[in-house]
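Take a look at the structure set out below.
All of the numbers you see were taken from the coordinates with simple rules; none came from a lab. What you see is a predicted model, and the numbers here were worked out from it, not measured in a lab. Every residue, glycine among them, receives a Cβ derived from its backbone with ideal geometry; neighbour counts consider all protein chains shown.
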Amino acid sequence: MDQKISPELLYLNDVSVVFDGFRALNSLSLTIGEKEMRAIIGPNGAGKTTMMDVITGKTRPTVGTALFDGGVHDLTRLDEATIAGLGIGRKFQTPTVIENHDVETNVELALKADKGPFAKLFSRRTPQVQERIDEILERVRLKNARHRRAGDLSHGQKQWLEIGMLLAQEPKLLLVDEPAAGMTDAETADTAVLLREIAETRSVVVVEHDMIFVRDLDVKVTVLHEGSVLAEGSLDHVSSNERVIEVYLGR
Amino acid sequence: MTLLRILLCLVALAGVARAAEPQAIFDRLASTKYDDIEAGVGDLATSGLPAAADALSAALDGRLLVAPGKPALFKTPMGTTIDVATNAPAAAGADAGLKPVRVNNRIRRAVATAIGTLTLMSPDARARLRAAESVFRGRDPETLPALDKALAAEKDERVLAAMRRAKAAITLTTDAPEADKVAAVGLVAERGDQDGLVLLRGLSETAPAAVKSAAASAIQAIETRQAMLARVQDVAYGVSLGSVLLLAAVGLAITFGVMGVINMAHGEMVMLGAYTTYLVQDLLRTFAPGLMEGSLAIAVPAAFLVAGAVGVAIERLVIRHLYGRPLETLLATFGISLMLQQAVRSIFGPSNREVSTPDWLSGSLDLFGLTLTWNRVAIVLFALAVFFALQLVLKKTTLGLQVRAVTQNRRMASSMGIRTDRIDALTFGLGSGVAGMAGVALSQIDNVSPNLGQGYIIDSFMVVVFGGVGNLWGTLVGALTIGVANKLLEPFAGAVLGKIILLVMIILFIQKRPRGLFALKGRFVDA
Amino acid sequence: MTSTRLIDFKGYVFLAVLVAAVVIVPGLNLLLPADNPFHIPSYLVPLLGKYLTYALLALAVDLVWGYCGILSLGHGAFFALGGYAIGMHLMREIGPRGVYANPELPDFMVFLNLKELPVWWWGFDFFPYAALMVLLVPGALAFVFGWFAFRSRVTGVYLSIITQALTFALLLAFFRNDMIMGGNNGLTDFKDIFGIPLQTQGMRASLFALSALALGLGYLLCRYIVTSNFGKVLVAVRDQESRTRFLGYKVENYKLVVWVISAMMAGVAGALYVPQVGIINPGEFSPANSIEAVIWVAVGGRGTLVGAALGAVLVNFAKTWLTGAFPELWLFALGGLFVVVTLFLPKGIMGLIGSMDSVKAWTTRRRAVAKPAE
């Protein structure tokens, strides 16, 4: 089934997730196109993280469809590793890097490659691999920190390293959870530039609280509330929506 | 056949003796020949004297006094002397020269049968029922006339049925017509118990073919019923084992389930509880022997305090430093368990300590053919009491509220002014204290040795993990399920293989549902 | 951070010590007369050999615990299974020299009134088959267990507890006479291997050397694994299991591979242990044995390999000495070791060696340890 049945890269339809009677997602429908960048906003508990969990295979939806790559792959039947292999990368809210490895090794682990245990058992770092690592470190400005232990990096550096690891995976779709959290204003602006750059070749979904950052991104915005889509459109469009003002902006 | 002939002779003898005067009966009883005495016992039973039943039971204890030619007297348990012939108090000094009736086993049996016959006419229905049962067991054709008389007079359905079965049992020992015997087999089979089975098995050799085949099918029916009863008995044993597991595991459910702390020294808390029981009994024996019967009531709170205090100390000194590192906690508490075992071994010695069982817990309870020892029944009740008390503490007290708050969100609880470190210590103390109380119960059914706890720790973990962590109800269901499954597997697989099968099943179950039977679900659980 | 070279400085020291031991121990035993002060008495050779097999077991535990975060409380089971496999061969080697002089059946089977050799004993008279079983039996058990456990994502203490249940179940199983594995008494009264009596000085020295060789090879294998890309993934699994999945790694497969390798190493250790101590019985399956192996690793230093081997030798030396001199004290000492190491020495002896120059780092770590996690 290589036939793409829809033009969308990501297709979520009528997805619900219920935990013990609590509806974390309630008939959520959402599509992301190729090379599209989308910002997702919403108050705490709106279901942003659960949505990412469903897309990346961490949580199975109670009902609903989640398709990837033009409907070729059913995300509800695959595990996290397979989904990552298909080309969905995820950056967590709090930066999670492998603290006991150095910066280089973190990127190396993320690089797109055969990730089976036996392939890894009999492979060593080749010059080509080193070249890719250098390229990515250059881009996330961590070249000078390449031999430092990832756990010793500053918070902002860890965020950048994680973005670098995402790039190394060469995903078709990046899910980025609050990339600007804990960053200085300058770093935040830098991150926005970097994400826009990435979006030229791939699709990016950014979940964010910081309105200034969302404005910097200047992309289509989806507002989530109580597990479903409340409004969609440009930031100006959604910020003028009365319901949105009521539940989110004007609280 | 010889036996039958003797029995028939006895019936004949009894027929002759029935006409005897009271004094003739007393003279027989005063004889030195057991044959005479036995005949006398039969005569007394059928004499119609109102004091016959009391006199016969007095004979068993040597309280029936006789001498040739003198009126027989018996002493009541209260010490008054009664004249058998008149059933009125005898004159003082009337017992001079009288001697107790000589009694050997044969006489004892004859007396018991005779009393059985007599009580068949008792006004108390329960006494009549017991009498019918004893006639059934005795199967003495001699009692047939009395039984027939009683049957004619009987109104109570249950007693009537019991008497018919008793008659049937006697019929089977006589040379009654074949049809009667087949009917009798049917009646005996109604009992469906071991006594009926013994009787039917014993008869099949000489009986006519029809009786034999009736008996064979009756035996099969009884065996099926007995097998079912055995399953029910297994379930009862399972519940008993399950409540032992519940006692051992419920404290662990608090420390592991509620706090997330792996306490490998939990078994040693149980062991400390058992040794506390030993110490309490030792002290009572020396200083207040009168209180021995209540030793367990004193040991329960004492064990709670001792194990609880040790638990608090462990939490303060070790576990507090290891929160968030469950694997390290596991290792450290295993070390503590080794030290506690060795400490107890050094103080009390390596051998088992004797813990006595109070009289009120000895003996057993018979229930529809099931036998349950009282201490097992008590443990079931105790386990349930501890369980519900714990639920109450967690649900209704301030401590419980704070414990639940800290469990769900430590940081939030802390910022709301709950002293989380104190709550940790108290929760751990509570879990350990409950383990100590479990030790009191286990001291009644297991050897009190330094290794006591080791036997329960793996089972307890299995119960908690199987039932679902963080849920006391899961622990209850888990314990009872594992207990009953274990006992149901035992007859088929043997004790050891049954246990292995169960362990493997639990291991597989955990693979299927890693969070147990009653898992907490939600977005915060596996964060 | 772990060194990426196959053999680092600690590794050279470790291997050098092993080579020296292979030369010195049998040398001082075989070549020097008994009255020489440097003579190593014959009873000491298998004892030291036993320490080496324990060190190999510790390596196996460290490989899964130190590098992949799987705390196994059941590695003693793999050790014992390897031991039983070789024990079965040694039983068959006895041949007609048993008490009942049955050429086919070992004594305990004659005692059980068996007429034929059970199927699972077939082939064990052939050494290569027995040697293969030393690897395959623990490996297969680990594969089946790990296949289920890792796929259903049983982790942390749950996994530890079911590994403990596993070894406990095997303990009960091997106690049964119906297993026809010697029951309570286990397998013992071995005579010889390859026709050479086990009790000769030469055989003891050879077994010692073989144990040292196995330990050295085991160390190199572990080093190869942990310094490979595979090893880097293992550490990622240990520190950030969920993150590693999102990077595209099937964590369960990684765990399964390292788990099976580790179980086989433990099996080899058990197989070398049995001929040196002369007996294998169900007691080897007891959960306490497995936990003891974990403490060797913790004492030496988790995730250091060399430390695990060192810890095994040191703790067992202390055990031999204390159980002889002050039997009452041994369990206090062992128990205390568990507490002290987890509380004050989370990186074990190797961590202590590594941070001798920086006492400050040590105290900060202690403070970090004392802080309860949220």
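Is chain A best put as rounded, prolate or oblate by its Cα gyration tensor, with a ≥ b ≥ c the root eigenvalues, rounded for a/c under 1.5, and otherwise prolate when a/b is larger than b/c, oblate when not? Oblate.
Sort A:69, A:79 by Cβ crowding within 10 Å, fewest neighbours at the top. Could you put the intermediate results ahead of the total?
Values: A:69 20, A:79 17.
Ranking A:69, A:79 by Cβ neighbours within 10 Å, fewest first, gives A:79, A:69.
Just tell me which aspartates and glutamates come within less than 12 Å, Cα to Cα, of residue B:70; anything on the same chain fewer than 8 places away is out. Correct list for residue B:70: B:27, B:83, B:95.
Any idea what % of Cα-Cα pairs in the range B:2-209 are farther than 26 Å? Every Cα pair in the range B:2-209 considered, those over 26 Å come to 38 percent.
Quick one: pull the percentage of alpha-carbon pairs in the range A:115-192 with a separation above 19 Å.
Of all Cα-Cα distances in the range A:115-192, 46 percent exceed 19 Å.
Bridging of residue C:10 to aspartates and glutamates at a Cα separation below 18 Å is possible for C:62, C:357, once same-chain residues fewer than 8 apart are set aside.
Wrap a convex hull around the Cα atoms of the range A:1-117, take a quarter of its surface area, and give that in square nanometres. One quarter of the hull surface, i.e. the mean projection, equals 9.2 nm². Its Cα gyration tensor gives the range A:114-251 an equivalent ellipsoid; the semi-axes, largest first and in whole Å, are 35, 17, 13. Over the range B:2-209, Cα pairs under 8 Å with separation of 6+ residues give a relative contact order of 15 percent.
Pairs of C-alpha atoms in the range C:9-370 farther apart than 37 Å represent 21 percent of all such pairs.
Please report the relative contact order for chain B, taking Cα pairs under 8 Å with a sequence separation of at least 6, and give it as a percent rounded to a whole number. Relative contact order, chain B: 15 percent.
Summarising the amide proton neighbourhood of residue A:229: residues at separation of 5 or more, or on other chains, whose placed amide H is nearer than 5 Å comprise A:29. Among the GluC sites (Glu not before Pro) in the range A:135-206, those placed in a DSSP loop whose Cβ has at most 13 other Cβ atoms within 10 Å are A:200. The DSSP beta bridges internal to the protein assembly as shown are antiparallel in roughly 70% of cases.
Estimated from the Cβ-Cβ distance and a Förster radius of 45 angstrom, the FRET efficiency linking residue B:157 and residue B:396 is about 0.35. Annotation: amide H-H contacts under 5 Å for residue A:40 (H modelled 1.01 Å from N, sequence separation of 5 or more, or interchain): A:206, A:207, A:208, A:222. Using alpha carbons only, the radius of gyration of chain B set against its Kirkwood radius gives Rg/Rh = 1.15.
Would you please give the FRET efficiency between residue B:224 and residue B:505, computed as 1/(1 + (r/R0)^6) with r the Cβ-Cβ distance and R0 = 35 Å, to the nearest 0.05?
On the way: r = 28 Å, r/R0 = 0.81.
Efficiency, rounded to the nearest 0.05: 0.80.
Backbone phi angles across the range B:438-446, fed through the Karplus curve with coefficients 6.51, -1.76 and 1.60 (θ = phi - 60°), yield HN-Hα couplings of 4, x, 4, 5, 5, 4, 7, 10, 10 Hz in residue order; Gly and Pro are listed as x. The long axis of helix B:374-396 is offset from the longest Cα principal axis of chain B by roughly 30 degrees.
Taking 28 Å as the limit for the C-alpha separation, the pairs B:499/C:50; A:120/A:143; B:487/C:115 exceed it in the case of B:499/C:50; B:487/C:115.
If you rank C:219, C:12 by fewest surrounding Cβ atoms within 10 Å, what's the result?
Numbers: C:219 22, C:12 10.
Ranking C:219, C:12 by Cβ neighbours within 10 Å, fewest first, gives C:12, C:219.
Could you work out [θ]222 nm for chain B from helices alone, using -39500 (n - 2.57) per DSSP H run of at least four and dividing by all its residues? Round to the nearest 500 deg cm²/dmol.
Details: 21 runs with 355 residues, N = 527.
It comes out at -22500 deg cm²/dmol, rounded to the nearest 500.
Stokes-Einstein diffusion for the protein assembly as shown, with the hydrodynamic radius set to the Kirkwood value over Cα pairs and evaluated at 25 °C in a medium of 0.890 mPa s, equals 68 µm²/s. Karplus-derived 3J(HN,Hα) values for the range C:11-21, using 6.51 cos²θ - 1.76 cosθ + 1.60 with θ = phi - 60°, are x, 4, 4, 4, 5, 5, 4, 4, 4, 4, 5 Hz; glycine and proline are entered as x.
Volume per residue for the range B:230-512 equals 139 cubic angstrom (convex hull of Cα atoms). For a straight C-alpha distance cut-off of 29 angstrom, the lysines reachable from residue B:167 (same-chain residues fewer than eight places away being disregarded) are B:149, B:155, B:181, B:212. Cross-link pairs exceeding 26 Å between alpha carbons, from the set A:35/A:91; A:48/B:396; C:232/C:347; A:48/A:220; A:35/A:58: A:48/B:396. Put +1 on the Cβ of each Lys and Arg and -1 on the Cβ of each Asp and Glu in chain C; which of C:32, C:164, C:301 then has its Cα farthest toward the positive end of the dipole? Among C:32, C:164, C:301, the one farthest towards the positive end of the dipole of chain C is C:301. From the phi of every residue in the range B:268-279, what ³J(HN,Hα) in whole Hz does the Karplus formula 6.51 cos²θ - 1.76 cosθ + 1.60 yield, where θ is phi - 60° and glycine or proline is x? These are the phi-based 3J(HN,Hα) values: 6, 5, 4, 4, 4, x, 5, 5, 4, 4, 4, 5 Hz. For residue A:73, the residues whose amide H sits under 5 Å from its own are A:68, ignoring neighbours fewer than 5 places away on the same chain, with H placed 1.01 Å from N.
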